[in-house]
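Just below is one structure, and these are the notes that go with it.
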Amino acid sequence: MTETDLALQQRNQLLAEGLIKQLRRRNIDAQYCETAAQARAAALALIAEGETVSWGGSVTLAECGLLAAVKETAQAGRIQVIDRDNAATPEERFQRMRQALLADTYLTSFNAVSEDGQLVNVDSVGNRTAAIAFGPRQVIAVVGLNKVVKTVEEAVSRARNFAAPANQLRCQQDPQLKGAPGSVRTPCLKSGTCSDCRQPGCICSQIVITRMSKIAGRLQVILVGETLGY
Ligand code: SF4
């Protein structure tokens, strides 16, 4: 390991230790994993056999391999999943998003986290932010330290001006998510930053700050010392 790698590893460890203390003060359980593979294993360990599991749209969950692992576990018959991504119609997809609100475990990430432990998400129809706030028995969030910023104001700005435009651009590449060609014309598709639009194709209906969990331990944050998502 080079001196630079060691310094970054130590910096991540220190940042995570401070953040874990802040999250626990907010009734939110937290742990730190250096790698995405460790985070995937830690998340799977929190899911009990027989549970029903669902998730919100998240690049992080795909990148760390957690979604694939959960689907494999379901195929082996150890859990059930509510998978909106293999729904046959948009109506069925929406119905599964509603059913996910009563899952035992809900998987997600956050768009940004402030150093004092506040969690920010921007959401399109609000299924993800709803599940984080209430419904599933537990919520497991995998969050790369690349999403940690100093203040909650910076976290909201990151979610709106960085994560949301990037997500909107990603959605245009996804045949399941994009509308008819050219139908989505939000300003961020041209500028790469947010113009606070209210276009029909806007993906920012809800901006939710989770500042604590009313139920201790319901929300579990797994911080990861690798860049995941955006
Ligand atoms: S321009 Fe609209 S869709 Fe794009 S990030 Fe801003 S509010 Fe969201």
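Details
- Using a cutoff of 8 angstrom between alpha carbon atoms and counting only pairs six or more residues apart, the relative contact order for region 1-111 works out to 26 percent.
- Here the chain was treated as a single set of alpha-carbon atoms; its pair distances binned every 5 Å from 0 give 1, 7, 14, 18, 20, 17, 12, 7, 3, 1, 0 percent.
- Dipole axis of the chain (+1 Lys, Arg; -1 Asp, Glu on Cβ), positive-most option in 7, 162, 70: 162
- Placing unit charges on the Cβ atoms only, positive for Lys and Arg and negative for Asp and Glu, gives region 11-60 a dipole magnitude near 340 debye about its Cα centre.
- Dipole magnitude of the chain about its Cα centre (Cβ charges: Lys, Arg +1; Asp, Glu -1), debye to nearest 20: 680 debye
- Treating each Cα of region 139-230 as an identical point scatterer and summing with the Debye formula, the log10 of I(q)/I(0) at q = 0.22 Å⁻¹ comes to -1.18.
- Annotation note: trypsin sites (Lys or Arg not before Pro) in region 1-85 located in DSSP loop regions with a Cβ neighbour count of at most 11 within 10 Å are 25.
- Reach of residue 214 by Cα under 23 Å, taken over lysines that are not fewer than 8 positions away in the same chain: 21
- Cut-off 14 Å between beta-carbons: net charge of the residues surrounding residue 121, Lys and Arg +1, Asp and Glu -1: +4
- Packing order of peptides 140-152, 211-223, 100-112, highest average first: 100-112, 140-152, 211-223 (average count of other Cβ atoms within 10 Å over each peptide's residues).
- Note that region 185-230 carries a Kirkwood radius of 14.2 Å, evaluated over its alpha carbons pair by pair.
- For region 1-58, a/c is not less than 1.5, where a ≥ b ≥ c are the root eigenvalues of the C-alpha gyration tensor, and a/b does not top b/c. That puts it in the oblate class.
Every read-out reported here was derived from the displayed coordinates using simple, explicitly stated rules and does not represent laboratory data. On a predicted model such as this, the values are computed, not experimentally measured, just so you know. Note that each Cβ is placed from the backbone with ideal geometry, even for glycine, and that neighbours are counted across all protein chains shown.
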